[in-house]
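See structure below.
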Amino acid sequence: MAEFTMDRLREQVRGTVITADDEGYDQARRVYNAMIDRRPRAVVRVANTGDAATAVRYARANDLEVAVRGGSHSVPGFGTVDDGVVIDLAGMRGVRVDPGARTARAEGGATWGDFNAATYPYGLATTGGIISTTGVGGLTLGGGIGYLARGFGLSCDNLVSADVVLADGRIVVASEQENADLFWALRGGGGNFGVVTSLEFRVHPVKDIYGGPMFFSLDHAGDVLRFYREFIQDAPEQFGGFPAYQIAPPLPFIPENRHGEPFLAFVACWAGPLEEGEQALKPLRDVAPIVAEHVGPMPYPALNSAFDGLVPPGLQHYWKANFVRTLSDDAISAHLSHGPKVPVVNSTMHIYPINGAVQRVAPDATAFAYRDATFATVIAGMWPDPAQNDANIGWVRDYYAATAPHSEEGGYVNFMAGDDQDRVPVNYGANYDRLRTVKRAYDPDNVFHLNQNIVP
């Protein structure tokens, strides 16, 4: 059999192969987290699913590691690798909507901004992320927490089918009807099973929402967190949103003398009838005085992209996370102690609600196991200056150490750091053994191991 050379790879793909000898290599190897600096042997910017299959076969023929890059938001930098092959899906960003069937199919490199731009004109949406530059594929494969989760479930709960390039280069469809075991594993099991080049979703009637951020002074933070703990238990499922520790950015709706000050913010999203939005948010307004707000009717994509400016590519990232069943008084005390120390405007802490429709899915129906959790907490350290790495990582670790004893053992895989590999079994709980079985069936050699890895 002829040797599978780099020249042969270039000949066989419709996309672009970029190596260290090519102009644009440094840009092509760059990922979202500027802490990650790796030098792949080749970045293959694939044009289609066939290209992705060819890139997998090339890597295997040359015994090279494979990294898969979709939206490129992986905090641990799983979308790149030293001296290996990066399969970059950024050239595959198309989204096609079928309004009659209420489905939408996104290519593997699409972001939630791409997805929302395609579905919004039809008055349709599905559960996406909090930042519109996040990749559809990566978010969904890890589960998919977002504003609409209480009403419609996680992103993965809305997945209908996926096109997948397997470790041996074969291309298969995963759905309830075809390769059902693989389909089960894709819904929460991360990038462990192949290169997902297309994802088909159910979409729902959502066009404009009522919501936006509210800023409460720190002396009312405990009141807001205690209110949220009780209110979200049986709030209407059209209500999404979360509390966050946030330094006030220099925005016109925030008093200028409060810019740069830490607050307990609440980002609200009412996806029910617009005329009911003001009343739906009234219980939150009644908790404490609001220092500043930017709340009202807006297109759902506008809320989904509202915070993109705070998290541009090129920041340093270090995150920690846990699921939480009950936000206890002790947990709230830990938040009140560490949240106000948020070091820079980019960093934050969010407590996402994952009850409602999320909890109506059985814990073994998909790979996402924590269906009895009420919240998913993330301490997201994000900052521009590498000289501040130690201090900012310290804030995340101290905060995590204080809240972890009041949380579940596992956390959301999309929020895990590079040093969280030992947590993979507890992140999947009772589903881990079945995930290993599926991994052995579809990727016995662990070709796809640059992820929160399920070892076959």
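All of the numbers you see were taken from the coordinates with simple rules; none came from a lab. These numbers come from a predicted model, not from an experiment. Cβ sites come from the backbone with ideal geometry, for glycine too, and all protein chains shown count toward neighbours.
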Once residue 19 and residue 434 are pulled to full extension, the length gained, defined as 0.36 nm per residue separation minus their Cα-Cα distance, is 145.6 nm
Using θ = phi - 60° and Karplus 6.51 cos²θ - 1.76 cosθ + 1.60, couplings along region 319-330 (whole Hz; Gly, Pro as x): 10, 9, 7, 8, 7, 9, 7, 10, 7, 6, 4, 5
Assuming R0 = 60 Å, what is the FRET efficiency of residue 176 and residue 387, from their Cβ-Cβ distance, to the nearest 0.05? 0.75
Tell me which residues come under 5 Å, amide H to amide H, from residue 191 once H is placed; ignore anything under 5 positions away on its chain. 452
Residues meeting the amide H criterion for residue 39 (H placed from the backbone, H to H distance under 5 Å, 5 or more places apart or on another chain) are 82, 83
Descending packing, highest mean Cβ count within 10 Å first, for 52-60, 187-195, 328-336, 161-169 is 187-195, 52-60, 161-169, 328-336
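Might you report the magnitude of the Cβ-based charge dipole of the chain about its Cα centre, with Lys and Arg at +1 and Asp and Glu at -1, to the nearest 20 debye?
Here the size comes out at about 500 debye.
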Dipole moment magnitude, nearest 20 debye, region 6-88 about Cα centre, only Lys, Arg, Asp, Glu C-beta charged: 260
For a paramagnetic label modelled at 7 Å from the Cα of residue 208 toward its Cβ, which residues of region 124-140 fall within the zone defined by backbone nitrogen distances under 18 Å? 124-125
Going 7 Å from the Cα of residue 98 toward and past its Cβ, which residues in region 126-167 have a backbone nitrogen under 19 Å from where you end up? 126-127, 156-164
For residue 439, give me every one of the aspartates and glutamates with a C-alpha distance below 14 angstrom, ignoring sequence neighbours fewer than eight places off in its own chain. 168, 181
Just tell me which lysines come within less than 28 Å, Cα to Cα, of residue 207; anything on the same chain fewer than 8 places away is out. 282
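Provide the gained length on full extension for the span residue 329 to residue 5, in nm with one decimal, where the gain is 0.36 nm per separating residue minus the Cα-Cα distance.
On the way: separation 324, 0.36 × 324 = 116.64 nm, distance 6.07 nm.
So the extension gain works out to 110.6 nm.
If R0 is 60 Å, what FRET efficiency do you get for residue 290 and residue 61 from their C-beta distance, rounded to 0.05?
Values: r = 60 Å, r/R0 = 1.01.
The formula returns an efficiency of 0.50 here.
Could you tell me the calculated FRET efficiency between residue 12 and residue 34, based on Cβ-Cβ distance and R0 = 30 angstrom, to the nearest 0.05? Intermediate results must be reported in sequence, preceding the final value.
Numbers: r = 33 Å, r/R0 = 1.10.
My answer for the efficiency is 0.35.
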From phi via Karplus (6.51, -1.76, 1.60), per-residue ³J(HN,Hα) for region 86-97 in Hz, x at Gly/Pro: 9, 8, 9, 8, 4, x, 10, 10, x, 9, 10, 9
Before anything else, pin down the relative contact order of region 6-88: Cα pairs under 8 Å, at least 6 apart, normalised by residue count, whole percent. 34
Hey, what do the phi angles of region 334-348 turn into as Karplus ³J(HN,Hα) couplings, whole Hz, using 6.51/-1.76/1.60 and θ = phi - 60°, x for Gly and Pro? 5, 5, 5, 7, 9, x, x, 8, 3, x, 9, 5, 6, 6, 6
Two pseudo-spin positions, 7 Å from Cα along C-beta at residue 426 and at residue 82, lie apart in nanometres by 3.0
